[in-house]
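Undergrad: This is the structure I have questions about; it appears just below.
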There are 4 protein chains.
Amino acid sequence: MAEIEKLRKSIDEISLEILNLLNKRADIVKQIGIEKEKLGIEICNPLREETLSSILCKNNKGPFSNEAIKRIFKTIYDESKDLQIVKKDKITSLKIDLGNEIFIGKDSPIIMIAGPCSIESEEQLDKTVSFIHEKGVKILRGGAYKPRTSPYSFQGLGEKGLKLLQKYAKKYNMLSVSEATTIENLKLVAQYCDIIQIGARNMYSYPLLEATGKLKKPVILKRHFSSTIKELLLSAEYISKEGNNNIILCERGIRTFETSTRNTLDVSSIPILKKESCYPVIADLSHSAGRKDILNSLLGAVIGAGVNGIMVETHINPNEALSDGNQQMNKEEFFEFINTFEKYSKIF
Amino acid sequence: MAEIEKLRKSIDEISLEILNLLNKRADIVKQIGIEKEKLGIEICNPLREETLSSILCKNNKGPFSNEAIKRIFKTIYDESKDLQIVKKDKITSLKIDLGNEIFIGKDSPIIMIAGPCSIESEEQLDKTVSFIHEKGVKILRGGAYKPRTSPYSFQGLGEKGLKLLQKYAKKYNMLSVSEATTIENLKLVAQYCDIIQIGARNMYSYPLLEATGKLKKPVILKRHFSSTIKELLLSAEYISKEGNNNIILCERGIRTFETSTRNTLDVSSIPILKKESCYPVIADLSHSAGRKDILNSLLGAVIGAGVNGIMVETHINPNEALSDGNQQMNKEEFFEFINTFEKYSKIF
Amino acid sequence: MAEIEKLRKSIDEISLEILNLLNKRADIVKQIGIEKEKLGIEICNPLREETLSSILCKNNKGPFSNEAIKRIFKTIYDESKDLQIVKKDKITSLKIDLGNEIFIGKDSPIIMIAGPCSIESEEQLDKTVSFIHEKGVKILRGGAYKPRTSPYSFQGLGEKGLKLLQKYAKKYNMLSVSEATTIENLKLVAQYCDIIQIGARNMYSYPLLEATGKLKKPVILKRHFSSTIKELLLSAEYISKEGNNNIILCERGIRTFETSTRNTLDVSSIPILKKESCYPVIADLSHSAGRKDILNSLLGAVIGAGVNGIMVETHINPNEALSDGNQQMNKEEFFEFINTFEKYSKIF
Amino acid sequence: MAEIEKLRKSIDEISLEILNLLNKRADIVKQIGIEKEKLGIEICNPLREETLSSILCKNNKGPFSNEAIKRIFKTIYDESKDLQIVKKDKITSLKIDLGNEIFIGKDSPIIMIAGPCSIESEEQLDKTVSFIHEKGVKILRGGAYKPRTSPYSFQGLGEKGLKLLQKYAKKYNMLSVSEATTIENLKLVAQYCDIIQIGARNMYSYPLLEATGKLKKPVILKRHFSSTIKELLLSAEYISKEGNNNIILCERGIRTFETSTRNTLDVSSIPILKKESCYPVIADLSHSAGRKDILNSLLGAVIGAGVNGIMVETHINPNEALSDGNQQMNKEEFFEFINTFEKYSKIF
């Protein structure tokens, strides 16, 4: 045992040496961050990491395998990145101008976005918007291009739907948001709507994200139902690097083994996204729950967690809806929901 | 197409016939529920289902396979069960007497349970309880039997730990809760503590649950990190059927692909558990987050979702803790946490 | 208890009535299937289901709620669909002509697809293809448009990469496959390559799938890492409904809590996809494992499960690869892998 | 940019210094491993890690936070452990004597374990064993203590079931295996059976594992349906550290979002468990699939992956089984399964 104790002493000493080198390295990393900021260069540069890794592998004489060394340095890279990113965020927590003197983010009240899952007809839209507007909602959502799991489900009215959305948003002096699913229809969505939505299924569609980054319109970027928080932030970076920082991140539930909700609302993502990025965060309650009977509780949860906005689905007649009837609120349910919203949003 | 339309008409007609039979069947199911209640019999009887299924299989002439028929009737059984259960719950939403004039559940204020992950020494416990008590917390938690993933991690002080817990709970006039991990140590936990905890790892240990059901003490039953909500309720039933209804359900995060939290806090489970059972629901924030920097946001989330109580871990010196140091709050962090708690819990 | 027994008898009787109506309904569903086949109409028609559901809801007098009725009938629809689909599949298990007298599917030998993750340079490609070809591989893969999680990772050489791929495929008389990520680059991929790949991240990009369906080239459709088997089949339907049935489904691992592999290879999906569709199924071992040391075992697993083809990544110098270096085999590893492949594929 | 390049050079240099220290540290870690082996001490010692971490935290002057330093060193600890463990395993790949001249593990043929999910009656057991034995199976499984999700499901015959199992194992000269669920019934299982099974639900029941470790009988330790591979190995360590190394690890599927199988068979775990431990690995196909129609394909998959044994459920009349009827094979299905087994096990 004496021998082991002696060896352990050596390990402690080497570990302290490593500690000092790690912090020395971290100091330089921070300096690079400052230099980069001066030059306006992106913080993350994976090719650099790959170059360094190959230098290390070439110089590695073991007993650690190259794989082990790469994994250890991967952790060092990751922790180092955080040194740079945290600094950036502290500076830039955003307040985004949506139009009509409505703002989201820093120091702004919680916004409410409501409307039907799909725009189905002029009558359906008119009647639905009418009761949303009655409760003071300022932003109207409505799907014209619907990515549906089955090719035989209702796929949306396309441009005709966008025109209806624009018409009724104007009629009630509301802002409008609708989802783009291709680079082609993105142009139309940007033409008719005030805010562009990138749906969960397209969070990994990087060319579409880049095209969105070239526009200046506000973008709601939904988290894919199997995306990690880091992946969502990297998808946002695809938009941001093209020059568009008007990004609103949207938690809408992740896929887990639990079946009593359609997806599991990852409420922890709200404070984490707000800590790790400068973007406002909203929550789509209808898609995560997939059921209406717990919406008021989830509303309390996301407001309590510090969300910047809420998105929900409403329909004049949910039982006859062409998509997601189960999760759209009717007028009565929506009124109760907004009453709860008003109560909670005053509090937190 | 005319032929197809004709066939579809027939399908509509048969479907309506099935609808009527389903509701006729449901009426009888409800009647049985009432009869059972009179006799004090359990609602669910899977052997009945299996008997009926085998009758159906024997009489099934296709084209549906026996498997298909079983799956369809499984849905019918499940929906039918809900008819009975919902009724029961409406009646019995519980208010549980924890002792010292502290109650949890119906019409009671949100309770706070705090304390160290593990009881490590008299000094650690004394100092930790001292600052918890200072902020008015009435229930003290502390682990004496620790189920640790690695056999070489600190396993707890056992009975010695329980004695310390009792001593300091008494000193500060608090209630105490600690985890039992076997039928043997359950007896000791029940002897020294006011509340018994069944940890996540033992949610499926049915003999332990039954032994807990034979005691009359309040039980905190934690959801396993891969348990569905239904499975948690069925585990509660193992306790309840032995005569102990003093059950407090505890959400503590589920295992998902997301790595930025230790587990994903399933906030939706709170309203669902409250709807589907008569038991109060608490949330263990420390174990789900596995990090301290988002605890205040999660606190808002679970209060907003309607939780009946909160459990968190605190330590006089988290950096030297023998278990889960990362997630235990020190005095300063805990004071800020309780300030937030007081602000939020006044509101709801 | 006598009362309960009497009620249970009634339930048994009503259940048998329901059973008979279900089978009567199933007979008509099958007839519709036959009529549709005569007319060349798609089997699945969700709008029909929605219409029927709303008829049922209107006629529902309870005690079952509309939601409960919808869930029960959802099961009936699902089981009914299987009646039609199974029939179709039995007839049409496909054998797809890939060109160069290479076939995949029914009665064809297991194919091997190999090549670098990304095409990086002419030298890298030439050297890599050279040793792949040496072992008799007939199909060359290589990424030109790389959907990378980080916008700062290497994004591929684009059209220049496709030209290189074509050049070296021709030089060695191999077929080529590369991934399309947008409707735009799909045209280029189709122009330069023999087989089009739709990557996991685009499995939900329905407009891209439809565009692929309008081409006649063979398509490898990869399962998204969080897609259910049903969703993969519905994505295939987006291609098929446009007239392209040359679809090869590709299992490449799903996202779970397990961290010792990059993704969890869902080997059960192989027999299920083959049962529930007419398409050949291949497995991408490199992406699911994310490590090279277990590839030979996974090869045995997927061959044992009845796979029609294998896809793996190889690189002349994995340590210097611009993407996914960890999971690409070098020459020596690849030779051992192909030796194992030859041993196993002779057997089955 | 020149400034940045200079800073990057420094980072490269420091990184190489860290590399050298890491390998120097690794050398000492290996030496400690050798010393420990001489003394017969356990390899892993988390308290050591905690001590070292607190030394580092105390000496950490930033800019890395204590948390960041802990995370980096956690990776170093983990990689270091592998240096010791890999060495151990290379030496000790086990061959376990099950009795009756049947062995499992190193150089032994693949074993087959079959029998009913639950022992229900003497008649059911006799008839079932009769056809299992007819196909040459040497190990009989049968549940006497059944951990069922619902307290109202059939819970097994208890000791009476064990006696029947012993009787029929003897009659047909087979070995027997049954599940223990508590420290109490473990004694009975050990008394009546040749092999003890610890079920998935009890993989985290550490006191039960320790009690099993004090016996010398072979143990089948099933992976919990939400356990990582590392956790399974640590649970095995709870048994091993008490002196019992006759451990057989059992993959039986993990819980994921996929619903077409009951659990997702994690076939990759087979080669990984064999690499990272010295224990044989078997696969329980019935529980992972939860359906019988793909069992032959899964059999090919696990044999191809290098499994040491197979476990399946059979029943003389699955439609009338008191538990898991869907997944138990009848005589005809089992005969076909064993024919496939014989074909495959010759090959791999």
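Undergrad: Could you give the dipole magnitude of region D:270-348 about its Cα centre, charging the beta-carbon of Lys and Arg +1 and that of Asp and Glu -1, in debye to the nearest 20? Before the final figure, lay out each step's value.
TA: Values: 7 positive and 10 negative charges, 77 e Å.
Once rounded to the nearest 20, the dipole reads 380 debye.
Undergrad: For chain D, find the longest principal axis of its Cα atoms and tell me its angle to the long axis of helix D:46-59, 0 to 90°, nearest 10.
TA: Roughly 20 degrees, rounded to the nearest 10.
Undergrad: Could you check which residue among D:Gln31, D:Gln166, D:Gln327 shows the biggest mean-square fluctuation in a GNM of chain D with a 10 Å Cα cutoff?
TA: Sorting by GNM fluctuation, first place goes to D:Gln31.
Undergrad: How large is Rg over Rh for chain C, taking Rg from the Cα atoms and Rh as the Kirkwood inverse mean of 1/r across Cα pairs?
TA: Working: Rg = 23.9 Å, Rh = 22.2 Å.
Using Cα coordinates only, the ratio equals 1.07.
Undergrad: Of B:Gly243, B:Leu299, B:Phe103, which is farthest towards the positive pole of chain B's charge dipole, taken about the Cα centre with +1 and -1 on the beta-carbons of Lys, Arg and Asp, Glu respectively?
TA: B:Gly243
Undergrad: Next question. In terms of modelled amide H atoms, which long-range or inter-chain residues lie less than 5 Å from the amide H of C:Phe103?
TA: C:Leu98
Undergrad: Give me the percent of accessible area attributable to carbon and sulfur for the protein assembly as shown, probe 1.4 angstrom. Mind showing how you got there, number by number?
TA: Working: 25430 of 50270 Å².
Exposed carbon and sulfur together represent 51 percent of the surface.
Undergrad: Could you tell me the largest-minus-smallest coordinate of the C-alpha atoms of the protein assembly as shown on each of the three principal axes, in descending order and whole angstroms?
TA: The Cα atoms of the protein assembly as shown stretch 84, 71, 71 Å along their principal axes.
Undergrad: Round to a whole angstrom and tell me the spacing of the C-alpha centers of region D:269-346 and region C:265-289.
TA: Comparing the Cα centres of region D:269-346 and region C:265-289, I get a distance of 19 Å.
Undergrad: More than 22 Å apart: what percent of Cα pairs in region B:219-348 qualify? It would help to have the intermediate numbers written out before the result.
TA: Working: 3207 of 8385 pairs.
In whole percent, the long-distance tail amounts to 38.
Undergrad: Just C:Leu19, C:Leu265, C:Leu125 to compare: in a GNM of chain C, with alpha carbon springs under 10 Å, which one fluctuates most?
TA: Top of the fluctuation ranking is C:Leu19.
Undergrad: Considering only chain D, pick the residue with its Cβ nearest the axis of the rotation onto chain B, and state the distance in whole Å.
TA: Whole-Å result, nearest residue of chain D to the axis: D:Ser226, 1.
Undergrad: What angle, in degrees between 0 and 90 and rounded to the nearest 10, separates the Cα long axis of helix D:183-192 from the longest principal axis of the Cα atoms of chain D?
TA: In chain D, helix D:183-192 runs at an angle near 50 degrees to the longest axis.
Undergrad: Would you kindly work out, in nm and rounded to one decimal, the distances from the label point of C:Asp107 to those of the same position in each other copy, ordered shortest first, with label points 7 Å along Cα-to-Cβ?
TA: 4.6, 7.7, 7.9
Undergrad: Is it possible to state the helix-based mean residue ellipticity at 222 nm for chain A, with each DSSP H run of 4+ residues giving -39500 (n - 2.57), the sum divided by total residues, to the nearest 500 deg cm²/dmol? What is it? Please report the intermediate quantities before stating the final value.
TA: On the way: 12 runs with 175 residues, N = 348.
Using -39500 (n - 2.57) per qualifying helix, the result is -16500 deg cm²/dmol.
Undergrad: What distance in nm separates the simple spin-label points at D:Glu134 and C:Glu332, each placed 7 Å from Cα in the Cβ direction?
TA: So the two model labels end up 5.4 nm from each other.
Undergrad: Between A:Ser93 and A:Lys24, what length comes free when the chain is fully extended (0.36 nm per residue of separation minus the Cα-Cα distance, one decimal in nm)?
TA: Extra length available between A:Ser93 and A:Lys24 comes to 21.9 nm.
Undergrad: Could you list the residues of region C:268-295 with an amide nitrogen less than 19 Å from a label point located 7 Å from the Cα of C:Ile102 in the Cα-to-C-beta direction?
TA: Counting only backbone N, you get C:280-287.
Undergrad: So if each residue of separation counts as 0.36 nm, and I subtract the Cα-Cα distance between C:Leu16 and C:Asp293, what length gain in nm does that give?
TA: Values: separation 277, 0.36 × 277 = 99.72 nm, distance 5.57 nm.
Here the segment from C:Leu16 to C:Asp293 would lengthen by 94.2 nm.
Undergrad: Starting from a label point 7 Å past Cα on the Cβ side, list the distances from A:Glu35 to the same position in the other copies, nm, shortest first.
TA: 4.3, 7.6, 8.5
Undergrad: Right, next: Pull up all non-local amide H partners of D:Met311: gap of 5 or more, or a different chain, and H-to-H distance under 5 Å with H placed in the peptide plane.
TA: Answer set, sorted by chain and number: D:Ile113, D:Ala283, D:Asp284, D:Leu285.
Undergrad: Quote the FRET efficiency, to the nearest 0.05, computed for B:Glu3 versus C:Glu210 with a Förster distance R0 of 30 Å and r equal to the Cβ-Cβ distance. Let's see the in-between values first.
TA: Working: r = 30 Å, r/R0 = 1.00.
Efficiency, rounded to the nearest 0.05: 0.50.
Undergrad: With springs only between Cα atoms under 10 Å apart, run a GNM on chain B and tell me which of B:Tyr204, B:Tyr168, B:Tyr77 wobbles the most.
TA: Top of the fluctuation ranking is B:Tyr77.
Undergrad: Check which residues have an amide H placed less than 5 Å from C:Ile248's amide H, if you skip close sequence neighbours.
TA: Hits under the 5 Å cutoff: C:Val219, C:Ile220, C:Leu221.
Undergrad: So for chain A, averaging the separation of alpha carbon pairs under 8 Å that are six or more residues apart and normalising by length, what relative contact order in percent results? Intermediate results must be reported in sequence, preceding the final value.
TA: Values: 565 pairs, mean separation 48.5, N = 348.
For chain A, the relative contact order is 14 percent.
Undergrad: While we're here: Pairing the Cα long axis of helix D:159-171 with the longest principal axis of chain D, what angle in degrees results, from 0 to 90 and rounded to the nearest 10?
TA: 70
Undergrad: I would also like to ask the following. Kindly give the distances from D:Asp12 to its copy-mates, label point to label point, with each label point 7 Å from Cα along Cα→Cβ, as nm values to one decimal ordered shortest first.
TA: In ascending order, 3.7, 7.7, 8.4 nm.
The values are calculated or read from the model by the stated rules, or taken from the named source; none is laboratory data. Predicted, not measured: the structure shown is a model, and the values here were computed from it. Cβ coordinates were reconstructed from backbone atoms using ideal geometry, including for glycine residues, and neighbour counts include every protein chain displayed. Side chains included, ligands, DNA and RNA excluded: accessible areas come from the protein's heavy atoms. Shrake-Rupley method; radii C 1.70, N 1.55, O 1.52, S 1.80 Å.
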